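Chemist: After the C-alpha coordinates below, expect a handful of questions from me.
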Amino acid sequence: SDLKNKGSYIISGTINGNSTFLMESQKVGSATLLSQIISMVNEASRSKPPIQKLTDNVAKIFVPAVIFISVITFVVWWFLGHEPKLFNAFVNALAVLVIACPCALGLATPVSVMVGIGKGARNGILIKNAEALEKMEKMDVLITDKTGTLTQGKPSLEYIFGIDGRNPNEILTLAYSLNQNSEHPLSKAVLDKAEELNIKPIQVDNFQNLVGKGISGIINGKEYFLGTKNYLIQQNISLSEEILQELDKLKNQAFTISFLTENKSIIGFICFADKIKTNAKQSINILQKKGIEVIMLTGDNENTAKIVAQELGIKNFQSNCLPQDKINKIKELQMQGKIVAMTGDGINDAPALAQADIGIAMGTGTDIAIESSEISLLNGDIHGIVKAKVLSEKMMRNIRENLFFAFIYNALGVPIAAGILYPFFGILLSPMIAAAAMSFSSVSVILNSLRINNIKI
(Lines give C-alpha, C1' and ligand atoms only; values in the text may rest on other atoms or scores of the structure.)
Protein backbone atom coordinates (compact mmCIF):
# COMPACT_ATOMS: atom_id res chain seq x y z
CA SER A 1 0.00 0.00 0.00
CA ASP A 2 3.09 2.30 -0.10
CA LEU A 3 2.88 5.28 -2.44
CA LYS A 4 4.83 4.49 -5.61
CA ASN A 5 6.95 7.12 -7.30
CA LYS A 6 9.27 7.24 -10.28
CA GLY A 7 11.95 4.58 -9.80
CA SER A 8 9.87 2.48 -7.38
CA TYR A 9 9.61 -1.28 -7.78
CA ILE A 10 6.25 -2.94 -8.27
CA ILE A 11 5.42 -6.61 -7.87
CA SER A 12 3.30 -8.67 -10.27
CA GLY A 13 -0.25 -8.76 -8.99
CA THR A 14 -0.11 -5.16 -7.74
CA ILE A 15 -3.39 -3.34 -8.41
CA ASN A 16 -3.20 0.16 -9.88
CA GLY A 17 -6.19 2.13 -8.68
CA ASN A 18 -6.56 5.46 -10.47
CA SER A 19 -3.35 6.43 -12.28
CA THR A 20 -1.50 5.58 -15.44
CA PHE A 21 2.23 4.94 -15.63
CA LEU A 22 4.92 3.43 -17.79
CA MET A 23 6.35 0.20 -16.37
CA GLU A 24 9.66 -1.42 -17.30
CA SER A 25 9.79 -5.23 -16.99
CA GLN A 26 13.27 -5.92 -15.71
CA LYS A 27 12.76 -9.67 -15.33
CA VAL A 28 10.58 -11.94 -17.43
CA GLY A 29 9.95 -15.66 -17.72
CA SER A 30 12.34 -17.85 -15.75
CA ALA A 31 14.12 -14.79 -14.30
CA THR A 32 11.10 -13.64 -12.27
CA LEU A 33 10.91 -14.23 -8.53
CA LEU A 34 7.74 -16.31 -8.90
CA SER A 35 9.40 -18.59 -11.45
CA GLN A 36 12.45 -18.98 -9.21
CA ILE A 37 10.22 -19.83 -6.23
CA ILE A 38 8.40 -22.50 -8.24
CA SER A 39 11.71 -23.91 -9.49
CA MET A 40 13.23 -23.98 -5.99
CA VAL A 41 10.18 -25.69 -4.47
CA ASN A 42 10.05 -28.29 -7.26
CA GLU A 43 13.76 -29.02 -7.03
CA ALA A 44 13.65 -29.28 -3.24
CA SER A 45 10.66 -31.61 -3.40
CA ARG A 46 12.70 -33.98 -5.57
CA SER A 47 15.76 -33.86 -3.34
CA LYS A 48 16.52 -36.50 -0.74
CA PRO A 49 17.38 -35.89 2.92
CA PRO A 50 20.07 -38.18 4.42
CA ILE A 51 17.40 -40.18 6.26
CA GLN A 52 16.13 -41.28 2.85
CA LYS A 53 19.44 -43.11 2.37
CA LEU A 54 18.54 -45.26 5.39
CA THR A 55 15.23 -46.14 3.76
CA ASP A 56 16.95 -46.89 0.43
CA ASN A 57 19.48 -49.17 2.12
CA VAL A 58 16.73 -50.98 4.04
CA ALA A 59 14.75 -51.40 0.82
CA LYS A 60 17.77 -53.04 -0.85
CA ILE A 61 17.73 -55.71 1.87
CA PHE A 62 13.99 -55.75 2.40
CA VAL A 63 12.92 -56.81 -1.12
CA PRO A 64 15.27 -59.85 -1.42
CA ALA A 65 14.42 -60.80 2.17
CA VAL A 66 10.67 -60.81 1.43
CA ILE A 67 11.19 -62.90 -1.70
CA PHE A 68 13.26 -65.34 0.38
CA ILE A 69 10.54 -65.48 3.07
CA SER A 70 7.93 -66.08 0.37
CA VAL A 71 9.93 -69.01 -1.02
CA ILE A 72 10.40 -70.47 2.49
CA THR A 73 6.65 -70.07 3.10
CA PHE A 74 5.89 -71.97 -0.11
CA VAL A 75 8.31 -74.79 0.78
CA VAL A 76 7.06 -75.14 4.38
CA TRP A 77 3.41 -75.25 3.32
CA TRP A 78 4.24 -77.66 0.49
CA PHE A 79 5.83 -80.14 2.86
CA LEU A 80 4.09 -79.51 6.21
CA GLY A 81 0.75 -77.90 5.30
CA HIS A 82 -2.65 -79.51 4.98
CA GLU A 83 -4.38 -80.44 1.76
CA PRO A 84 -4.56 -79.02 -0.81
CA LYS A 85 -0.84 -78.41 -0.17
CA LEU A 86 0.04 -76.83 -3.50
CA PHE A 87 -2.89 -74.43 -3.34
CA ASN A 88 -2.18 -73.35 0.27
CA ALA A 89 1.55 -73.05 -0.43
CA PHE A 90 0.90 -70.82 -3.44
CA VAL A 91 -1.77 -68.65 -1.70
CA ASN A 92 0.31 -68.00 1.42
CA ALA A 93 3.48 -67.30 -0.56
CA LEU A 94 1.50 -64.84 -2.68
CA ALA A 95 0.02 -63.22 0.45
CA VAL A 96 3.56 -62.63 1.77
CA LEU A 97 4.58 -60.92 -1.48
CA VAL A 98 1.43 -58.76 -1.59
CA ILE A 99 1.35 -57.59 2.03
CA ALA A 100 5.08 -56.84 2.04
CA CYS A 101 4.93 -54.53 -0.97
CA PRO A 102 7.38 -51.77 0.12
CA CYS A 103 5.07 -48.91 -0.89
CA ALA A 104 4.69 -47.59 2.65
CA LEU A 105 8.46 -47.73 3.16
CA GLY A 106 9.07 -45.92 -0.12
CA LEU A 107 6.49 -43.22 0.64
CA ALA A 108 7.55 -42.63 4.25
CA THR A 109 10.18 -39.97 3.53
CA PRO A 110 9.40 -38.29 0.16
CA VAL A 111 5.75 -37.51 0.97
CA SER A 112 6.71 -35.86 4.28
CA VAL A 113 9.46 -33.90 2.51
CA MET A 114 7.09 -32.73 -0.23
CA VAL A 115 4.42 -31.62 2.25
CA GLY A 116 7.00 -30.03 4.58
CA ILE A 117 8.64 -28.00 1.80
CA GLY A 118 5.22 -26.86 0.59
CA LYS A 119 4.33 -25.82 4.12
CA GLY A 120 7.56 -23.84 4.33
CA ALA A 121 6.92 -22.10 0.99
CA ARG A 122 3.48 -20.97 2.16
CA ASN A 123 5.14 -19.43 5.21
CA GLY A 124 7.82 -17.56 3.27
CA ILE A 125 10.53 -20.22 3.79
CA LEU A 126 12.05 -21.39 0.52
CA ILE A 127 14.04 -24.61 0.89
CA LYS A 128 16.47 -25.55 -1.88
CA ASN A 129 17.13 -29.09 -0.68
CA ALA A 130 15.65 -31.42 1.90
CA GLU A 131 19.04 -32.10 3.50
CA ALA A 132 19.14 -28.54 4.86
CA LEU A 133 15.77 -29.04 6.53
CA GLU A 134 16.97 -32.25 8.17
CA LYS A 135 20.14 -30.54 9.41
CA MET A 136 18.05 -27.72 10.92
CA GLU A 137 16.74 -30.21 13.47
CA LYS A 138 20.30 -30.89 14.68
CA MET A 139 21.51 -27.25 14.54
CA ASP A 140 23.83 -26.37 17.44
CA VAL A 141 24.96 -22.84 16.56
CA LEU A 142 23.43 -19.94 14.64
CA ILE A 143 25.91 -17.42 13.25
CA THR A 144 24.15 -14.22 12.32
CA ASP A 145 25.11 -11.02 10.59
CA LYS A 146 23.74 -7.75 12.01
CA THR A 147 22.82 -5.28 9.28
CA GLY A 148 19.78 -6.40 7.32
CA THR A 149 19.46 -9.56 9.42
CA LEU A 150 18.98 -8.51 13.03
CA THR A 151 18.41 -4.90 12.03
CA GLN A 152 16.10 -3.59 9.34
CA GLY A 153 18.95 -3.03 6.90
CA LYS A 154 17.61 0.45 6.09
CA PRO A 155 20.03 2.71 7.94
CA SER A 156 19.54 6.42 8.06
CA LEU A 157 22.29 9.03 8.15
CA GLU A 158 22.04 10.70 11.56
CA TYR A 159 25.20 12.74 12.11
CA ILE A 160 28.15 14.16 10.15
CA PHE A 161 31.38 15.44 11.67
CA GLY A 162 34.24 17.26 9.94
CA ILE A 163 37.61 18.02 11.56
CA ASP A 164 38.89 21.56 11.98
CA GLY A 165 35.40 22.92 11.42
CA ARG A 166 35.00 21.43 7.96
CA ASN A 167 31.49 21.92 6.63
CA PRO A 168 29.36 18.76 7.08
CA ASN A 169 27.97 19.36 3.59
CA GLU A 170 31.51 19.06 2.18
CA ILE A 171 31.92 15.69 3.97
CA LEU A 172 28.51 14.58 2.67
CA THR A 173 29.33 15.69 -0.89
CA LEU A 174 32.51 13.60 -0.92
CA ALA A 175 30.72 10.61 0.64
CA TYR A 176 27.85 10.95 -1.85
CA SER A 177 30.28 11.04 -4.75
CA LEU A 178 32.04 7.86 -3.58
CA ASN A 179 28.79 6.02 -2.89
CA GLN A 180 27.24 6.52 -6.32
CA ASN A 181 28.58 3.15 -7.48
CA SER A 182 28.06 1.18 -4.27
CA GLU A 183 25.13 -1.12 -3.46
CA HIS A 184 25.73 -1.27 0.31
CA PRO A 185 22.74 -0.33 2.54
CA LEU A 186 24.80 2.50 4.05
CA SER A 187 25.27 3.93 0.58
CA LYS A 188 21.52 4.23 0.16
CA ALA A 189 21.36 6.27 3.38
CA VAL A 190 24.06 8.64 2.08
CA LEU A 191 22.30 9.02 -1.26
CA ASP A 192 18.95 9.70 0.39
CA LYS A 193 20.42 12.40 2.65
CA ALA A 194 22.29 14.05 -0.22
CA GLU A 195 19.19 14.14 -2.40
CA GLU A 196 17.19 15.55 0.52
CA LEU A 197 19.69 18.41 0.82
CA ASN A 198 19.89 18.81 -2.98
CA ILE A 199 23.64 18.06 -3.01
CA LYS A 200 25.25 17.25 -6.36
CA PRO A 201 27.96 14.56 -6.75
CA ILE A 202 31.48 15.11 -8.05
CA GLN A 203 33.19 12.96 -10.70
CA VAL A 204 35.01 9.96 -9.16
CA ASP A 205 37.87 8.15 -10.88
CA ASN A 206 39.38 4.76 -10.08
CA PHE A 207 36.43 3.70 -7.89
CA GLN A 208 37.08 0.55 -5.82
CA ASN A 209 34.82 -1.50 -3.56
CA LEU A 210 37.01 -3.00 -0.82
CA VAL A 211 34.80 -5.84 0.42
CA GLY A 212 34.24 -5.65 4.16
CA LYS A 213 36.41 -2.54 4.42
CA GLY A 214 34.87 0.35 2.50
CA ILE A 215 35.07 2.21 -0.80
CA SER A 216 37.70 4.44 -2.37
CA GLY A 217 38.24 6.69 -5.36
CA ILE A 218 40.01 9.77 -6.67
CA ILE A 219 38.21 13.11 -6.66
CA ASN A 220 39.88 16.22 -8.10
CA GLY A 221 43.26 14.49 -7.97
CA LYS A 222 42.96 13.54 -4.28
CA GLU A 223 42.61 9.98 -2.97
CA TYR A 224 39.58 9.42 -0.75
CA PHE A 225 38.48 6.42 1.32
CA LEU A 226 35.21 5.91 3.20
CA GLY A 227 34.94 2.91 5.47
CA THR A 228 35.76 1.11 8.69
CA LYS A 229 38.00 2.09 11.54
CA ASN A 230 39.56 -1.37 11.48
CA TYR A 231 40.85 -0.85 7.94
CA LEU A 232 42.33 2.53 8.90
CA ILE A 233 44.26 0.88 11.72
CA GLN A 234 45.58 -1.72 9.26
CA GLN A 235 46.74 1.14 7.06
CA ASN A 236 48.43 2.84 10.05
CA ILE A 237 46.10 5.83 9.81
CA SER A 238 45.69 7.30 13.30
CA LEU A 239 42.67 9.05 14.78
CA SER A 240 43.32 12.59 15.95
CA GLU A 241 42.47 13.77 19.46
CA GLU A 242 39.62 15.84 18.02
CA ILE A 243 38.12 12.73 16.40
CA LEU A 244 38.54 10.65 19.56
CA GLN A 245 36.82 13.29 21.70
CA GLU A 246 33.87 13.47 19.32
CA LEU A 247 33.59 9.68 19.21
CA ASP A 248 33.57 9.57 23.01
CA LYS A 249 30.45 11.77 23.02
CA LEU A 250 28.69 9.21 20.81
CA LYS A 251 29.79 6.04 22.63
CA ASN A 252 26.33 5.32 24.05
CA GLN A 253 24.69 5.52 20.64
CA ALA A 254 24.27 2.40 18.46
CA PHE A 255 25.84 4.19 15.53
CA THR A 256 27.59 2.58 12.61
CA ILE A 257 30.45 4.94 11.78
CA SER A 258 32.20 5.35 8.44
CA PHE A 259 35.41 7.37 8.43
CA LEU A 260 36.39 9.60 5.50
CA THR A 261 40.06 10.04 4.66
CA GLU A 262 41.73 12.44 2.22
CA ASN A 263 45.20 11.37 1.05
CA LYS A 264 45.29 8.94 4.02
CA SER A 265 44.37 11.55 6.65
CA ILE A 266 41.00 11.45 8.42
CA ILE A 267 38.91 14.51 7.63
CA GLY A 268 35.63 13.42 9.24
CA PHE A 269 33.12 10.67 9.80
CA ILE A 270 29.47 9.83 9.19
CA CYS A 271 27.12 8.15 11.68
CA PHE A 272 24.30 5.81 10.67
CA ALA A 273 21.48 4.37 12.75
CA ASP A 274 19.76 1.10 11.89
CA LYS A 275 16.74 0.01 13.92
CA ILE A 276 16.58 -3.54 15.27
CA LYS A 277 13.84 -5.67 13.74
CA THR A 278 10.76 -5.76 15.93
CA ASN A 279 10.72 -9.53 16.52
CA ALA A 280 14.49 -10.11 16.57
CA LYS A 281 14.78 -10.30 20.36
CA GLN A 282 11.87 -12.73 20.68
CA SER A 283 13.25 -14.93 17.90
CA ILE A 284 16.75 -15.01 19.42
CA ASN A 285 15.26 -15.85 22.82
CA ILE A 286 13.25 -18.77 21.41
CA LEU A 287 16.30 -20.20 19.65
CA GLN A 288 18.41 -19.91 22.80
CA LYS A 289 15.72 -21.72 24.80
CA LYS A 290 15.96 -24.54 22.27
CA GLY A 291 19.63 -24.90 23.21
CA ILE A 292 21.03 -23.12 20.16
CA GLU A 293 24.00 -20.84 20.71
CA VAL A 294 23.53 -17.55 18.85
CA ILE A 295 26.69 -15.71 17.78
CA MET A 296 26.65 -12.33 16.05
CA LEU A 297 29.51 -11.62 13.62
CA THR A 298 29.42 -8.16 12.08
CA GLY A 299 31.71 -5.87 10.15
CA ASP A 300 30.38 -3.01 12.26
CA ASN A 301 32.34 -1.27 15.02
CA GLU A 302 32.64 -2.74 18.52
CA ASN A 303 30.48 -0.15 20.26
CA THR A 304 27.51 -0.61 17.94
CA ALA A 305 27.87 -4.38 17.99
CA LYS A 306 27.97 -4.40 21.79
CA ILE A 307 24.83 -2.25 22.14
CA VAL A 308 22.86 -4.37 19.66
CA ALA A 309 24.06 -7.63 21.23
CA GLN A 310 23.08 -6.45 24.72
CA GLU A 311 19.64 -5.39 23.56
CA LEU A 312 19.04 -8.77 21.91
CA GLY A 313 20.51 -10.86 24.71
CA ILE A 314 23.38 -12.20 22.56
CA LYS A 315 26.35 -13.01 24.79
CA ASN A 316 28.82 -14.02 22.10
CA PHE A 317 29.58 -11.48 19.38
CA GLN A 318 32.48 -10.23 17.31
CA SER A 319 32.83 -6.85 15.60
CA ASN A 320 34.95 -5.56 12.71
CA CYS A 321 34.62 -8.92 10.94
CA LEU A 322 35.80 -9.43 7.38
CA PRO A 323 34.20 -12.17 5.24
CA GLN A 324 37.18 -14.43 5.95
CA ASP A 325 36.73 -13.96 9.71
CA LYS A 326 33.19 -15.32 9.46
CA ILE A 327 34.34 -18.33 7.45
CA ASN A 328 37.15 -19.06 9.94
CA LYS A 329 34.71 -18.92 12.87
CA ILE A 330 32.34 -21.34 11.13
CA LYS A 331 35.22 -23.72 10.32
CA GLU A 332 36.39 -23.57 13.93
CA LEU A 333 32.93 -24.54 15.19
CA GLN A 334 32.59 -27.29 12.58
CA MET A 335 35.94 -28.73 13.70
CA GLN A 336 34.38 -29.03 17.17
CA GLY A 337 31.62 -31.18 15.66
CA LYS A 338 28.97 -28.44 15.73
CA ILE A 339 26.18 -28.19 13.16
CA VAL A 340 26.39 -24.53 12.15
CA ALA A 341 23.72 -22.39 10.50
CA MET A 342 24.61 -18.99 9.08
CA THR A 343 22.18 -16.22 8.27
CA GLY A 344 22.92 -13.04 6.36
CA ASP A 345 21.83 -10.89 3.46
CA GLY A 346 24.84 -9.25 1.84
CA ILE A 347 27.62 -9.97 -0.62
CA ASN A 348 30.01 -10.13 2.35
CA ASP A 349 27.95 -12.97 3.84
CA ALA A 350 27.91 -15.17 0.72
CA PRO A 351 31.16 -17.08 1.43
CA ALA A 352 30.09 -17.82 5.02
CA LEU A 353 26.62 -18.89 3.86
CA ALA A 354 28.27 -21.38 1.50
CA GLN A 355 30.65 -22.67 4.20
CA ALA A 356 27.97 -23.24 6.86
CA ASP A 357 26.14 -26.55 7.21
CA ILE A 358 22.91 -24.60 6.68
CA GLY A 359 22.98 -21.27 4.85
CA ILE A 360 19.92 -19.09 5.53
CA ALA A 361 19.59 -15.96 3.40
CA MET A 362 17.28 -13.03 3.86
CA GLY A 363 15.14 -12.89 0.73
CA THR A 364 15.38 -9.10 0.86
CA GLY A 365 19.16 -9.30 0.46
CA THR A 366 21.52 -9.68 -2.47
CA ASP A 367 21.16 -12.32 -5.18
CA ILE A 368 24.58 -13.82 -4.42
CA ALA A 369 23.65 -14.34 -0.76
CA ILE A 370 20.42 -16.09 -1.76
CA GLU A 371 22.28 -18.21 -4.32
CA SER A 372 24.87 -19.26 -1.72
CA SER A 373 22.28 -20.49 0.77
CA GLU A 374 20.08 -23.57 1.15
CA ILE A 375 17.17 -21.74 2.77
CA SER A 376 15.80 -18.30 1.87
CA LEU A 377 13.42 -16.28 4.04
CA LEU A 378 11.25 -14.43 1.52
CA ASN A 379 10.27 -11.50 3.73
CA GLY A 380 13.68 -11.14 5.35
CA ASP A 381 12.00 -11.94 8.68
CA ILE A 382 14.43 -13.26 11.32
CA HIS A 383 11.50 -15.15 12.90
CA GLY A 384 11.58 -17.31 9.78
CA ILE A 385 14.59 -19.10 11.33
CA VAL A 386 12.41 -20.12 14.27
CA LYS A 387 9.71 -21.28 11.86
CA ALA A 388 12.26 -23.27 9.83
CA LYS A 389 13.57 -24.89 13.03
CA VAL A 390 10.06 -25.88 14.16
CA LEU A 391 9.18 -27.13 10.65
CA SER A 392 12.36 -29.21 10.61
CA GLU A 393 11.55 -30.79 13.97
CA LYS A 394 7.95 -31.55 12.97
CA MET A 395 8.90 -32.94 9.56
CA MET A 396 11.63 -35.22 10.90
CA ARG A 397 9.28 -36.49 13.62
CA ASN A 398 6.67 -37.14 10.93
CA ILE A 399 9.18 -39.09 8.83
CA ARG A 400 10.14 -41.22 11.84
CA GLU A 401 6.45 -41.91 12.51
CA ASN A 402 6.00 -42.98 8.89
CA LEU A 403 9.03 -45.27 9.03
CA PHE A 404 7.73 -46.74 12.30
CA PHE A 405 4.36 -47.45 10.67
CA ALA A 406 6.05 -49.06 7.68
CA PHE A 407 8.45 -51.23 9.69
CA ILE A 408 5.88 -52.33 12.29
CA TYR A 409 3.35 -53.03 9.57
CA ASN A 410 5.78 -55.31 7.73
CA ALA A 411 7.10 -56.88 10.92
CA LEU A 412 3.54 -57.93 11.87
CA GLY A 413 2.04 -58.43 8.40
CA VAL A 414 4.66 -60.71 6.84
CA PRO A 415 4.58 -63.42 9.57
CA ILE A 416 0.75 -63.39 9.63
CA ALA A 417 0.65 -63.68 5.82
CA ALA A 418 3.11 -66.57 6.04
CA GLY A 419 0.63 -68.39 8.32
CA ILE A 420 2.33 -68.14 11.71
CA LEU A 421 -1.08 -67.88 13.44
CA TYR A 422 -2.53 -70.96 11.72
CA PRO A 423 -1.16 -73.60 14.14
CA PHE A 424 -2.60 -71.69 17.11
CA PHE A 425 -5.80 -70.03 15.87
CA GLY A 426 -6.38 -71.55 12.44
CA ILE A 427 -6.07 -68.09 10.80
CA LEU A 428 -4.85 -67.69 7.23
CA LEU A 429 -4.59 -64.36 5.36
CA SER A 430 -6.23 -64.18 1.94
CA PRO A 431 -4.16 -62.37 -0.75
CA MET A 432 -7.17 -60.05 -1.23
CA ILE A 433 -7.12 -59.05 2.44
CA ALA A 434 -3.31 -58.72 2.22
CA ALA A 435 -3.74 -56.36 -0.75
CA ALA A 436 -6.25 -54.26 1.20
CA ALA A 437 -3.92 -54.14 4.21
CA MET A 438 -1.01 -53.15 1.98
CA SER A 439 -3.07 -50.31 0.48
CA PHE A 440 -4.15 -49.18 3.94
CA SER A 441 -0.51 -48.97 5.08
CA SER A 442 0.31 -46.65 2.17
CA VAL A 443 -2.78 -44.53 2.79
CA SER A 444 -1.94 -44.26 6.50
CA VAL A 445 1.56 -42.98 5.67
CA ILE A 446 0.17 -40.39 3.24
CA LEU A 447 -2.50 -39.23 5.72
CA ASN A 448 0.09 -38.93 8.47
CA SER A 449 2.35 -36.87 6.16
CA LEU A 450 -0.52 -34.52 5.33
CA ARG A 451 -0.78 -33.70 9.05
CA ILE A 452 2.24 -31.43 8.52
CA ASN A 453 -0.12 -29.00 6.78
CA ASN A 454 -1.96 -28.47 10.07
CA ILE A 455 1.03 -27.74 12.29
CA LYS A 456 1.68 -24.22 13.57
CA ILE A 457 5.13 -22.81 12.87
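Chemist: Once the piece of chain linking Asn263 and Phe90 is laid out straight, how much longer is it, given 0.36 nm per residue of separation minus the C-alpha distance between them?
Modeler: Values: separation 173, 0.36 × 173 = 62.28 nm, distance 9.35 nm.
This chain segment gains 52.9 nm when fully extended.
Chemist: Moving to a separate point now. For the stretch 102-165, with the dipole built from +1 on Lys and Arg beta-carbon atoms and -1 on Asp and Glu ones, taken about the Cα centre, which of Met139, Thr109, Gly120 lies farthest toward the positive end?
Modeler: The residue sitting most towards the positive pole is Thr109.
Chemist: Let me ask something additional. With labels modelled as points extended 7 Å from the Cα through the Cβ direction, what inter-label distance (nm, one decimal) is found for Asn328 paired with Tyr9?
Modeler: Taking the simple label geometry, Asn328 and Tyr9 are separated by 3.4 nm.
Chemist: In percent, how large is the relative contact order of the stretch 351-457, given Cα pairs closer than 8 Å and 6 or more residues apart?
Modeler: Relative CO of the stretch 351-457 lands at 21 percent.
Chemist: Compute the accessible area per residue over the chain, keeping the other protein chains in place, probe 1.4 Å, unit Å².
Modeler: Numbers: 23860 Å² over 457 residues.
Per-residue value: 52 Å².
Chemist: So if I restrict to the alpha-carbon atoms in the stretch 170-242, what is the Rg, and what is Dmax, the biggest pairwise distance, in Å?
Modeler: In Å, with Rg to one decimal and Dmax whole: 12.5, 35.
Chemist: With charges only on Cβ, +1 for K and R and -1 for D and E, what is the dipole size of the stretch 143-258 about its Cα centre, in debye, rounded to 20?
Modeler: Details: 11 positive and 14 negative charges, 50 e Å.
The dipole of the stretch 143-258 has a size of about 240 debye.
Chemist: Return the carbon/sulfur percentage of the accessible area of the stretch 336-378, one whole number, probe 1.4 Å, all protein chains in place.
Modeler: Solvent-exposed carbon and sulfur of the stretch 336-378 make up 50 percent of the total.
Chemist: Let me ask something additional. Tell me which DSSP H helices of the chain clear both cut-offs, 27 Å or more of axial length from alpha-carbon atoms and a mean Kyte-Doolittle hydropathy of at least 1.0.
Modeler: Helices meeting the span and hydropathy rule in the chain are 50-80, 103-122, 431-450.
Chemist: Longest segment of the chain with no GluC sites (Glu not before Pro) in a DSSP loop having at most 12 other Cβ atoms within 10 Å?
Modeler: 184-457
Chemist: Apply 1/(1 + (r/R0)^6) to the Cβ-Cβ distance of Gln288 and Ile72, taking R0 = 41 Å, and write down the FRET efficiency to the nearest 0.05. Working shown, then result.
Modeler: Values: r = 55 Å, r/R0 = 1.35.
Plugging the Cβ-Cβ distance into 1/(1 + (r/R0)^6) gives 0.15.
Chemist: By the scheme Lys and Arg +1, Asp and Glu -1, what is the net charge of all other residues having a beta-carbon under 14 Å from that of Ser449? Provide the component values of the computation, followed by the final result.
Modeler: Details: positive: Lys119, Lys394, Arg397, Arg400, Arg451; negative: Glu401.
Summing Lys and Arg as +1 and Asp and Glu as -1 gives +4.
Chemist: Which value in deg cm²/dmol, rounded to the nearest 500, describes the helix-derived mean residue ellipticity at 222 nm for the chain, given -39,500 (n - 2.57) per DSSP H run of n ≥ 4 and division by the residue count?
Modeler: -16500 deg cm²/dmol
Chemist: Still on this structure, please answer the following. What FRET efficiency would be calculated for the residue pair Glu195, Lys281, taking the C-beta separation as r and a Förster radius of 35 Å, to the nearest 0.05? Write down the numbers at each step before the final one.
Modeler: Details: r = 33 Å, r/R0 = 0.95.
For Glu195 and Lys281, the calculated efficiency is 0.60.
Chemist: Considering only DSSP states other than H, G, I, E and B, which trypsin sites (Lys or Arg not before Pro) in the stretch 274-349 qualify as loop sites with at most 14 other Cβ atoms within 10 Å?
Modeler: Lys275, Lys290, Lys315
Chemist: Let me ask something else. Give me the percent of accessible area attributable to carbon and sulfur for the stretch 397-457, probe 1.4 angstrom.
Modeler: That fraction is 76 percent.
Chemist: Multiply the residue separation of Phe440 and Ala411 by 0.36 nm, subtract the distance between their alpha-carbon atoms, and state the gained length in nm to one decimal.
Modeler: 8.9 nm
Chemist: Please give, to one decimal in nm, the separation of the simple spin-label points placed at Asn181 and Gln245, each 7 Å out from Cα toward the Cβ.
Modeler: 3.8
Chemist: In whole percent, what relative contact order does the chain give with Cα contacts below 8 Å and a gap of six or more residues? Display every interim value, and only then the final one.
Modeler: Numbers: 772 pairs, mean separation 97.0, N = 457.
It rounds to 21 percent for the chain.
Chemist: Which net charge results for the neighbourhood of Leu297, defined as the other residues with beta-carbon distances under 15 angstrom from its beta-carbon, given Lys and Arg at +1 and Asp and Glu at -1?
Modeler: Counting the neighbours of Leu297, the net charge comes to -1.
The values are calculated or read from the model by the stated rules, or taken from the named source; none is laboratory data. Note that this is a predicted model, so its numbers are computed, not measured. Quick reminder, even Gly has a Cβ in these numbers, built from the backbone with ideal geometry, and neighbours come from all protein chains shown. Please note that ligands, DNA and RNA were not included when accessible areas were found on the heavy atoms of the full protein model with its side chains. Shrake-Rupley method; radii C 1.70, N 1.55, O 1.52, S 1.80 Å.
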